[in-house]
Each structure stands twice: as C-alpha cells, then as structure tokens.
Amino acid sequence: MVSSGAIAAGVERLGLSVRPTLIPELQAAASVGQGLLIEQYANLFKKYNLNVGQVLLTQADTTHRQQYLNARNTIDKLLEFGVIPIINENDTTAIDEIRFGDNDTLAALVASLANADLLIVLTDIDGLYTGNPRTDKEAKLIDQVDEITEEIEALAGGIGSNLAVGGMVTKIEAAKVATFSGIGMVIANGKKENVLEEIMSSKPVGTFFVPRKKEVAGRKRWIAFGRISKGKIIVDDGAKNALCLKGKSLLAAGVIRSEGNFIADDAVDIADMNGCVFARGLTNYSASELGQIKGLKTSEISSVLSDDFEQEVIHRDCLVILKQI
C-alpha cells in the first residue's frame, strides 16, 4: 500500500499554522509525521488481525541496482510473513532532484518492482473520462483502455484534482509503467463504498488499463523506469529499425548526435530524428566520447579511441524498447 501523509501529520502534531516551504522544515515535519502515519495504519489493520511494516523509499533506491533488489526482497519477505507493507517516499531525506514527485509514479514503480498482479489507484474521481466531468456534462467514463495512445494522454491533460498532486496526468504516466511491466491498472474513486471489494470481484469499476501481453524481464523494467535518464541519443531511421524490428544493439554508425552530459553506464533515452523517444538503455560511452565516434563504423572507432573500446554504444541486453514502430 502506497500512502502519503507524513508531512501533513507532522505539521498538525507540531502545531504549525501553515505547511512549511523550506526543505529542512518539510523534512522535520515528515520525520515527526512518519511515526504517526504508520501508527494510524497499524491500529486500523490491527482490527483485522494484520500487521503492517513501513518501507520508505527514494529514487536512489530504484536507481542503484543492488538497492532496487534489496527493496524488492524486503517487500517480498514482508508479504511472505503476511505483513502489509505501507510504502511512502522518504521525505526526511529526499530533495527535489531525487524525488519520485508523486504517489502515482511511486506506486507504479513499486508494482513493477514487486511483480504485482494489479495496481489500484484510488482518487477522488471515478476514472478517466472523455472530458472533464466537473465542467462537461457530456463527458463519459472510459471503462477500459487497451492502449495508451496520444489521444488518451490528451484526455488526461484536462482533468485534475485540487486535492491531489499530479491529477490525471501522472496517473496516465503510472499506467504506462504498470502496463509495460505486464501489470493491469485500475483508476477508481476511493470515496465509493466497498470499491476495493468490487474491483477484486471483477465488477466494472473505474477505468481499467490492459497490460501488455509480452513479458518484460525484471532487469529491463529497472532500466526502463528505475533509472533516471541522464541524456538522449538521437539515431537515424536505419538504427531505429535495427533496434525495434531486429533486436540489434545500438552502434555508433547509427548515432546522429547526443544531448546531455552523461557518462558511461548512465541511463539514456533513445530518440528518432523526429525527437520521439522510443527506447532507453545503459550507455557504454560518455557524451564526449560519443561525440567523437558518432556516425563511425565499428572498424573506424579504434582510430579515434583506444583499442580497448566497446563495439556497441548500447548493448541489446542493456536496452529496452518503450514504443514499437
């Protein structure tokens, strides 16, 4: 269960009249509130003879492979013990540069990390609509989304809640992560009575996002969503076809240019000549090195760099296709 509320609980306990704006004050409020939040959940679940455990995460826990695996192992063990993991961003240490930013993103990453069967996102609206139901009387609830197209993303842009961070836009982004990882996702109204029972009984509640059928390995899910992209590599059409249709590695010959100041082993986005990002991978070269060898055949690289060079800019085992052509 992914839940926020630590800062709000801390602000109330500290008797502050308004929510702080300075990072140290927010972190102090979170420190006070986290204990209160987990205590509240512990008391609520105790009524059902269930124990809870607290798991606090930052993006560093998903960016570094070993920490990612440690987090997954902890969650797996808690579930094995019959304990409900209560997961929250670690607001006592997270700063803007390493924040998930919203619980929708965090929930999707946790679902992928834990190989969940289903992600349920509860909000204050019944699901995804064809328009903004608060202003458009003709807006209709979309029961099921088979594929997240540009049209679906455009629908999310006009729907948001003043009560939550991110609104529907971040929920669609979360759905991308979940469905790509083979996990179905439901957006439903958390204020509706017995909403969880109805969802788990397969009743038509909210909007259901259909997961992709092709299984994606855990390491590639980590590359796709656990790592923070540090730059972008733009490739020609031949390279794009080789990556998407033939399962090949990315070679320097297909690279047009790069953006960002990345180093070897960083995660980078791969985009076509129109700027559309279609893949992500772990690069074997820094941005400066790639600038020297872009467009070169593999046999020509040794004349620019040392003989001890990687043949692939990004090996296919360290590359994941996000959008097929």
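The values are calculated or read from the model by the stated rules, or taken from the named source; none is laboratory data. What you see is a predicted model, and the numbers here were worked out from it, not measured in a lab. Cβ coordinates were reconstructed from backbone atoms using ideal geometry, including for glycine residues, and neighbour counts include every protein chain displayed.
The residue pairs whose first member lies in segment 37-57 and is under 22 Å from Asn73 (Cα atoms), whose second member is modelled with pLDDT under 95 and in a loop (DSSP other than H, G, I, E, B), and whose beta carbons are closer than 7 Å, counting only pairs six or more residues apart or on different chains, are Leu56/Asn90; Leu57/Asn90.
For segment 37-51, indicate whether the set of residues that are touching a strand residue (DSSP E or B) at 6+ places or on another chain (Cβ under 9 Å), under 14 Å from Ile87 (Cβ atoms) and of a type in the set (S, T, N, Q) is non-empty. The answer is no, given that none of the residues of segment 37-51 is touching a strand residue (DSSP E or B) at 6+ places or on another chain (Cβ under 9 Å), under 14 Å from Ile87 (Cβ atoms) and of a type in the set (S, T, N, Q).
Among residues of segment 208-222 that are free of Cβ contacts under 8 Å to residues at least 40 places away in the same chain, those with a beta-carbon under 7 Å from a residue that is assigned to a loop (DSSP other than H, G, I, E, B) and of a type outside the set (Phe, Trp, Tyr) at least six positions away or on a different chain give the pairs Pro211/Gly182; Pro211/Ile183; Arg212/Gly182; Glu215/Gly182.
For segment 220-239, give me each residue that is touching a Gly at 6+ places or on another chain (Cβ under 6 Å) and of a type in the set (A, V, I, L, M). Matches in segment 220-239: Val235, Ala239.
Within segment 245-277, which residues are under 26 Å from the mean Cα position of the chain (by Cα) and farther than 16 Å from Cys318 by Cβ? Don't jump to the end; show me each part of the working.
So in segment 245-277, the residues under 26 Å from the mean Cα position of the chain (by Cα) come out as 245, 247-250, 258-277.
Hits for segment 245-277 are Leu245, Ser258, Glu259, Gly260, Asn261, Ala271, Asp272, Met273, Asn274, Gly275, Cys276, Val277.
I'd like the residue in segment 244-291 that is of a type in the set (A, V, I, L, M) and touching an Asp or Glu at 6+ places or on another chain (Cβ under 7 Å) and, out of all such residues, is surrounded by the fewest Cβ atoms within 10 Å (Cβ to Cβ).
First, pick out the residues of segment 244-291 that are of a type in the set (A, V, I, L, M): 245, 250-253, 255-256, 263-264, 267-268, 270-271, 273, 277, 279, 282, 287, 290.
Now restrict to residues that are touching an Asp or Glu at 6+ places or on another chain (Cβ under 7 Å): 250-251, 256, 273, 277, 282.
On the way: Leu250: 26, Leu251: 21, Ile256: 14, Met273: 12, Val277: 15, Leu282: 17.
Among those that are of a type in the set (A, V, I, L, M) and touching an Asp or Glu at 6+ places or on another chain (Cβ under 7 Å), it is Met273.
The set of residues in segment 11-70 that are out of contact with any helix residue (DSSP H, G or I) (no Cβ under 8 Å at 6 or more places or on another chain), closer than 15 Å to Thr92 by Cα and of a type in the set (Ser, Thr, Tyr) contains only Thr21. Among all positions in segment 243-261, there is no residue which is within 30 Å of Leu119 (Cβ to Cβ) and touching a Cys at 6+ places or on another chain (Cβ under 9 Å).
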